[in-house]
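S.K.: Mind looking over this structure? Questions follow.
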Amino acid sequence: MPEPDFQQFESELLRVGIAPRHVRRTVAELREHLDDLVDAALESGFELQLARRQAAMQMGDLQEVAIAMRARPELRSWSYRFPRIAVVIYSLTCLALLPAMPVLAGVAHASVLARWSACVLFGALVTAAIFLVLQLSIVLA
């Protein structure tokens with residue numbers, strides 16, 4: 001039996017709405033349990049590959065754990081338990097953060113914005129100089 005794929009297990013649980021804190025805790029506990037089973041098999045004389053296979057067989061299928069977790073609604077995140085409230089709260093949060101986004105983007109990319117502003121200012125000065133030369137050539141001609 002191959003070693004359990006904890007990453008696929010984690011993404012499956014998150015996809016069905018299990019709260020991330022429960023998923024992280026469950027995956028950590030299952031990994032520790034698998035390590036303990038491998039250590040126990042190594043202590044009883046198995047080689048590393050055989051010990052891992054033995055531990056994976058003893059651990060069983062992660063799908064059974066996923067099914068058991070899906071059956072418990074209290075493990076789901078609040079947005080899956082109360083989707084209508086989540087839509088309202090998420091929308092209001094986005095609406096409240098919308099005015100702050102340019103400020104946050106400006107702080108995060110201050111050097112880029114400074115270079116861009118300098119380039120725009122330089123371009124405006126060059127354009128003004130060209131207009132001035134054109135105006136003088138019309139007036140003096």
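The values are calculated or read from the model by the stated rules, or taken from the named source; none is laboratory data. Note that the structure is a prediction, hence the values are computed from the model and not measured. Methodologically, a virtual Cβ is constructed for each residue, glycine included, from the backbone with ideal geometry; neighbour enumeration extends over all protein chains shown.
S.K.: Of the residues that make up segment 69-86, is at least one free of Cβ contacts under 8 Å to residues at least 12 places away in the same chain, farther than 27 Å from Q8 by Cα and surrounded by 10 or more Cβ atoms within 10 Å (Cβ to Cβ)?
M.R.: Within segment 69-86, one or more residues are free of Cβ contacts under 8 Å to residues at least 12 places away in the same chain, farther than 27 Å from Q8 by Cα and surrounded by 10 or more Cβ atoms within 10 Å (Cβ to Cβ).
S.K.: From S111, S117, S79, grab the single residue that is in a helix (DSSP H, G or I) and under 30 Å from I18 (Cβ atoms).
M.R.: Numbers: S111 fails: under 30 Å from I18 (Cβ atoms); S117 fails: under 30 Å from I18 (Cβ atoms).
Result of the check over S111, S117, S79: S79.
Conditions tested, residue by residue: (1) buried (at least 17 other Cβ atoms within 10 Å of the Cβ); (2) under 24 Å from S79 (Cβ atoms); (3) among the polar types (S, T, N, Q).
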residue: D5; (1), (2), (3): no, no, no
residue: A19; (1), (2), (3): yes, yes, no
residue: L30; (1), (2), (3): yes, no, no
residue: E47; (1), (2), (3): no, no, no
residue: A55; (1), (2), (3): yes, no, no
residue: M59; (1), (2), (3): yes, no, no
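S.K.: Moving to a separate point now. Of these, V87, V103, V65, which one is part of a helix (DSSP H, G or I) and assigned by TED's automatic domain parsing to the domain that holds H33?
M.R.: On the way: V87 fails: assigned by TED's automatic domain parsing to the domain that holds H33; V103 fails: assigned by TED's automatic domain parsing to the domain that holds H33.
Every option except V65 fails the conditions.
S.K.: For segment 82-108, which positions are closer than 30 Å to V16 by Cα and not aliphatic (A, V, I, L, M)?
M.R.: Passing the criteria: F82, P83, R84, Y90, S91, T93, C94.
S.K.: While we're on this one: Using the structure shown, decide if E12 is modelled with pLDDT of 90 or more, under 30 Å from S79 (Cα atoms) and surrounded by fewer than 11 Cβ atoms within 10 Å (Cβ to Cβ).
M.R.: No, not satisfied.
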